[in-house]
Amino acid sequence: MKTIKGPGIFLAQFLGKETPFNDLKSICRWAASLGFTGVQLPTWDPRCIDLQRAAESKTYCDELKGLVQECGLQITELSTHLQGQLVAVNPAYDTLFDGFAPEKLRGNSAARTAWAVQQLQYAASASQHLGLNAHATFSGALLWHTVYPWPQRPEGLVEMGFTELAKRWLPILDVFDRHGVDLCYEIHPGEDLHDGVSYERFLEKTNHHPRACILYDPSHFVLQCLDYLAYIDHYHERIRMFHVKDAEFNPTGKQGVYGGYSSWIDRAGRFRSLGDGQVNFSAIFSKLAAYDYPGWAVLEWECCLKDAQAGATEGAGFIRRHIIPVTTKAFDDFAGGGPDEALNKKILGI
């Protein structure tokens, strides 16, 4: 068995204009001071990484790794969540997602998609240069506006949607395969890959591509009323990344899963800081340890109530307490003996 690595922290929600959150070295020192041992880098923020340069220069990547290591940390993975979203955007969401692309590409959906694909290709090369074996992204969505089957979906619509989604991602998956990196889709509402069934549809269309893996985040399953522990049983072989994020779902007589267009603080389903929600992390860490999960436990902080720095400070210790240092021997070894084929035959009567 493997001991899960961590605690790590995803920097995206913490970067800001004020020190120590305004440059990579300062924020890494801050993270290390809280007890984190790894950082997950958002590739759309140039304060963290120049993605094209990282793809083209091993020397630059060595320098980047050195900067992070000087702060007592490791780079856990890179993230292209925003770029991955733009690989597949239904026209209904063009305006809302235009802000994820460089300003010069806004209003040009074809150019925006081409840019996103190139970004993912850069990320594969950059990950290899950094010695990483997993990468985080979103799948994007062509079908999300039809997630509730009213009006009735035309026959063949879902099949066509996943065929097109796979067509866009297969060349990218092949690039990641050549670079020896697993591409981990965060299974997330708003994406066409948002639960187990939709992920399996995608797998089928990509011929069960070996690099089409999962970023597991139980908070999104709490808000969908999905069994997040059984999810690990079903897909543990594909889970290569883990966002440690808490959530709660408290339906009322007035609202449930859909939330009635309420703000986060007023929704029945809300993201919370670690330990303040309903996720059974003891069970999650136990299952992942039992299934030999090979990666990091990375805090993704999102909470509608608690201050971010308080959430990070508490989160480092929370993850550390939940990581199970796995045993190298069985607890009852003291009562057993070594292998003895003759004895085994005698016990079996053969």
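Compare Cys225, Cys48 by solvent-accessible area with a 1.4 Å probe and give them largest first, with all protein chains kept in place.
Final ranking, largest accessible area leading: Cys225, Cys48.
Each part reduced to its alpha carbon centroid, segment 1-74 and segment 233-267 end up 27 Å apart. Taking a sphere under 11 Å around the Cβ of Met160 and counting the other residues whose Cβ falls inside, with K and R at +1 and D and E at -1, yields a net charge of 0. Here the relative contact order of the chain, from alpha carbon pairs under 8 Å that lie six or more residues apart, stands at 19 percent.
Could you rank Asp217, Asp266, Asp98, Asp62 by how accessible they are, 1.4 Å probe, largest area first? Kindly include the intermediate steps, with their values, before the conclusion.
Details: Asp217 0, Asp266 95, Asp98 30, Asp62 70 Å².
Sorted descending by solvent-accessible area, the residues read Asp266, Asp62, Asp98, Asp217.
When nucleic acids and ligands are ignored and a 1.4 Å probe is applied, Ile324 ends up with an accessible area of around 60 Å².
Multiplying each eigenvalue of the alpha-carbon gyration tensor of segment 1-126 by 5 and taking the square root yields semi-axes of 29, 16, 14 Å, largest first, rounded to whole angstroms.
Sorting Ser33, Ser57, Ser273 by accessible area puts them as Ser33, Ser57, Ser273; the probe is 1.4 Å, largest comes first, and only protein heavy atoms count. For Lys205, the lysines whose Cα comes closer than 30 Å to its Cα, not counting residues fewer than 8 places off in the same chain, are Lys167, Lys245, Lys287. Once each of the chymotrypsin sites (Phe, Trp or Tyr not before Pro) sitting in a DSSP loop with at most 14 other beta-carbon atoms within 10 Å is removed, the chain keeps 1-257 as its longest stretch. With the simple spin-label model, which puts each label point 7 Å out from Cα in the Cβ direction, the Gln224 to Leu170 separation comes to 2.4 nm. Note on the chain: Rg/Rh from C-alpha atoms, Kirkwood Rh, equals 1.01.
The values are calculated or read from the model by the stated rules, or taken from the named source; none is laboratory data. Computed from a predicted model, the values in this text were never measured in an experiment. Glycine also receives a Cβ, built like all others from the backbone with ideal geometry; neighbour counts cover every protein chain displayed. Accessible surface is based on the protein model in full, side chains and every heavy atom, while ligands, DNA and RNA are left aside. Shrake-Rupley method; radii C 1.70, N 1.55, O 1.52, S 1.80 Å.
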